[in-house]
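Here is the structure we will look at.
Read-outs throughout are calculated quantities, based only on the coordinates presented, and are distinct from any laboratory measurement. Computed from a predicted model, the values in this text were never measured in an experiment. Every residue, glycine as well, gets a Cβ built from its backbone with ideal geometry; the counts of neighbours run over all protein chains shown.
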Amino acid sequence: MDLSDAALLVAAGLAAGTVNAVAGGGSLITFPALIATGLPPVPANVSNSVSVFPGYVASVAGSRMDLPRGRALWPLLPTAVLGTAVGCVLLLATPARAFELVVPFLVLGATALLAFQDPLRRLVGHPAHLSPRRRTVTVQAMVAVGTVYGGYFGAALGVMLVAGLALVLDTTLARVSAIKNLLSAVVGLTTLVVFALFGPVDWAAVAVVAPATLVGGYVGARLVRRLPPVVLRTLIVVFGTVIGLYLLTRALS
């Protein structure tokens, strides 16, 4: 790795950490940057998943004041770990082509879910009106689907988690974003362990990208706390649409 490659990865890491904290999709910055330094696609994807973990942790630190108090989130953590592990196994053990064709539609679907959240709530019922059992099952299902995706690829993980959780949780978007940061950190830790043991990680690239995502993640999380809900929602919808269309174009090319 020469100096220009290192500079590219630092810049990509800073941008990705910030974007992940605000909306998700930062992997679409770091993944192409890793490819540009000469890594093959699978090692680049695996190294990217390991590299963005510190940024997720920094996002949790930056948004910790918006996290629910007590142990309300604890039941979601085993689901997130299991879902991520399943996604990692899919990446390492199955052909990627079929999933590549599905991923763009998952991202675009999640974006539409967030964009039309209010009409959908009127259709399926406001979270405040759901029974505790139904709300618990729905939230667990949302986390399971999102983290399987996160273990496999991860780009736009934040969009998918925010869209699903905002539909079934009766709370502010800033709090949903903080929960998304915590779940993303769990996804990041799980992928780090699995890929460190079984994946073709390029540790030199990780050593350059990871500290940059740490800085960007903290800055992005602090920014989210200052954004009005309508602005935050608009940013996430725009990011999700752009990411989904980009992935669809790449999958069909």
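On a full-extension model of 0.36 nm per residue, what is the gain between ARG226 and VAL137, subtracting their alpha-carbon distance, rounded to one decimal in nm?
On the way: separation 89, 0.36 × 89 = 32.04 nm, distance 3.17 nm.
Separation in residues times 0.36 nm, less the Cα-Cα distance, equals 28.9 nm.
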**Request:** Show the residues, 5+ positions off or on another chain, whose built amide H is closer than 5 Å to the amide H of ASP202.
**Result:** SER47
**Fill in**
Of VAL107, VAL242, VAL162, the most mobile residue in a GNM of the chain (C-alpha springs, cutoff 10 Å) is VAL242
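Would you please classify the overall shape of segment 182-253 from the alpha carbon gyration tensor, given that a ≥ b ≥ c denote the square roots of the eigenvalues, rounded means a/c under 1.5, and beyond that prolate means a/b larger than b/c while oblate covers the rest? List each step's numbers first, then the result.
Numbers: a/c = 2.24, a/b = 1.30, b/c = 1.73.
Oblate, since a/c reaches 1.5 and b/c is not below a/b.
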**Request:** Determine the calculated [θ] at 222 nm for the chain from helices alone, applying -39500 (n - 2.57) to every DSSP H run no shorter than 4 residues and normalising by the residue count; nearest 500 deg cm²/dmol.
**Result:** -26500 deg cm²/dmol
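Sorted by mean Cβ packing within 10 Å, highest first, what order do the peptides 198-205, 12-19 take? Intermediate results must be reported in sequence, preceding the final value.
Values: 198-205: 17.2, 12-19: 26.2.
Those peptides, ordered most packed to least, come out 12-19, 198-205.
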**Complete:** Checked against the structure, the computed semi-axes √(5λ) of the Cα gyration tensor in Å among (1) 29, 23, 19; (2) 32, 21, 18; (3) 28, 19, 17 is the one labelled (3)
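Quick check: from the Cα gyration tensor, does segment 214-253 come out rounded (a/c under 1.5), prolate or oblate?
Numbers: a/c = 7.15, a/b = 1.82, b/c = 3.93.
It comes out oblate by the Cα gyration axes.
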**Asked** Who wins for biggest fluctuation among PHE105, PHE53, PHE153 in a Gaussian network model of the chain, springs between alpha carbons below 10 Å?
**Response** PHE105
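Starting from the Cα-Cα distance between SER253 and THR234, subtract it from 0.36 nm times their residue separation and give me the gain in nm to one decimal.
Full-extension gain reported as 4.0 nm.
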**Request:** Would you work out which of VAL242, THR18, PRO228 lies farthest towards the positive end of the dipole of the chain, given +1 charges on the beta-carbon of Lys and Arg and -1 on that of Asp and Glu, about the Cα centre?
**Result:** PRO228
**Asked** Between ARG71 and ASP2, what is the FRET efficiency for a Förster distance of 45 Å, r being their Cβ-Cβ separation, to the nearest 0.05?
**Response** 0.40
**Asked** To the nearest 20 debye, what is the magnitude of the charge dipole of segment 121-253 about its Cα centre, counting +1 on the Cβ of each Lys and Arg and -1 on the Cβ of each Asp and Glu?
**Response** 600 debye
**Of the trypsin sites (Lys or Arg not before Pro) in segment 215-253, those whose Cβ has at most 13 other Cβ within 10 Å and which sit in DSSP loop** = ARG226
**Request:** Place the peptides 177-184, 207-214 in order of packing, highest mean first, counting for every residue the other Cβ atoms within 10 Å and averaging per peptide.
**Result:** 177-184, 207-214
**Message:** At 18 angstrom or more along the helix axis (alpha-carbon based) and mean Kyte-Doolittle of 0.5 or higher, what helices does the chain contain? Whole DSSP H runs only.
**Reply:** 3-22, 76-93, 97-115, 173-198, 203-224, 229-252
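Given +1 on the Cβ of Lys and Arg, -1 on the Cβ of Asp and Glu, and no further charges, what dipole in debye does the chain carry about its Cα centre, rounded to the nearest 20? Show your work: numbers first, answer last.
Numbers: 16 positive and 7 negative charges, 214 e Å.
Computed charge dipole of the chain: roughly 1020 debye.
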**Message:** Loop only by DSSP, 13 or fewer other Cβ within 10 Å of the Cβ. Give me the trypsin sites (Lys or Arg not before Pro) in segment 35-85 that pass, ordered by residue number.
**Reply:** ARG69, ARG71
